[in-house]
Structure formats: structure tokens, C-alpha cells
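These notes concern the structure reproduced below.
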Amino acid sequence: MILFFGLAVLLYVLDMSLSSEEGFAQVKECLTSPLVKLVLWGLLSALLYHLVAGVRHLVMDAGIGETLEGGKLGSKIVLVVSVVLIVLAGVWIW
């Protein structure tokens with residue numbers, strides 16, 4: 001639910017930034033706020049975790065990691081890769 005509304009807001013912001021120079025300036029000014037950066041980082045974190053978990057499911061559909069041990073290992077890999085990507089996203093945003 002959060003991802004759905006967050007993506008709608010991000011698409012609106014993208015549209016506003018591409019509509020005119022004034023819109024771009026407004027978006028740029030808004031993105032300097034620490035609260036907005038935190039919300040953006042949270043939304044991006046949820047999207048990155050969703051992406052990594054989705055790739056895991058695609059790999060499992062190919063027949064890799066379908067056992068109990070493989071599932072546990074896949075879960076740990078998803079968490080580690082997600083944390084690394086989330087930290088990198090935080091560095092990029094801040």
C-alpha cells in the first residue's frame with residue numbers, strides 16, 4: 001500500500017519537475033529538506049527490498065534454491081544485498 005501511493009507521489013513529482021523550469025526549481029527546493037530526504041530514502045528502501053526479493057523469486061522459479069536450506073540461504077542473501085543497496089541509496093540521497 002505504501003509503495004503504491006509512494007510511487008504515485010514520485011510520478012507526480014517527476015511530472016512536475018519535467019513540466020517547466022519553475023516546477024524543476026520547486027522540486028529541487030523541496031528535496032533539500034531532511035524530512036523529505038528521509039521519506040524518499042524510506043520509499044526507495046522499500047522499493048529496493050521489493051526488487052531484490054522479486055529477483056530471488058525469479059531465481060527460485062528457475063529451480064535454484066527450492067530446498068529448505070536453499071530458501072534460508074536465499075533469505076539471508078536477500079537481506080544482505082538489500083542492506084547494502086539501501087545504505088548506498090542513503091549515501092546517494094544524503
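Any read-out appearing in this document is the output of simple, stated calculations on the displayed coordinates, not a laboratory observation. Because the structure is predicted, anything quoted here is derived from the model rather than measured. Virtual Cβ from ideal backbone geometry, glycine too; neighbours counted across all protein chains shown.
Okay, here's what the table says:
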{"read-out": "Residues of segment 46-94 satisfying the condition of being in contact (Cβ under 8 Å) with a residue 40 or more places away in the chain and either in contact with a Lys or Arg (Cβ under 8 Å, 6 or more places away or on another chain) or among the basic types (K, R) (or both)", "value": "I93, W94"}
{"read-out": "Residue list for segment 45-82, restricted to those being out of contact with any Phe, Trp or Tyr (no Cβ under 9 Å at 6 or more places or on another chain), hydrophobic (A, V, I, L, M, F, W, C) and under 23 Å from L7 (Cβ atoms)", "value": "A46, L47, L48, L51, V52, A53, V55, L58, V81"}
{"read-out": "Checklist (1) farther than 21 Å from A8 by Cα; (2) within 18 Å of the chain's Cα centre (by Cα) applied to K37, failing item", "value": "(1)"}
{"read-out": "One residue from V13, V27 being in contact with a Ser or Thr (Cβ under 7 Å, 6 or more places away or on another chain) and either of a type outside the set (G, A, S) or not in a helix (DSSP H, G or I) (or both)", "value": "V27"}
{"read-out": "Subset of segment 54-94 (residues that are of a type outside the set (S, T, Y), closer than 30 Å to C30 by Cβ and outside any loop (DSSP other than H, G, I, E, B))", "value": "G54, V83, V84, L85, I86, V87, L88, A89, G90, V91, W92, I93"}
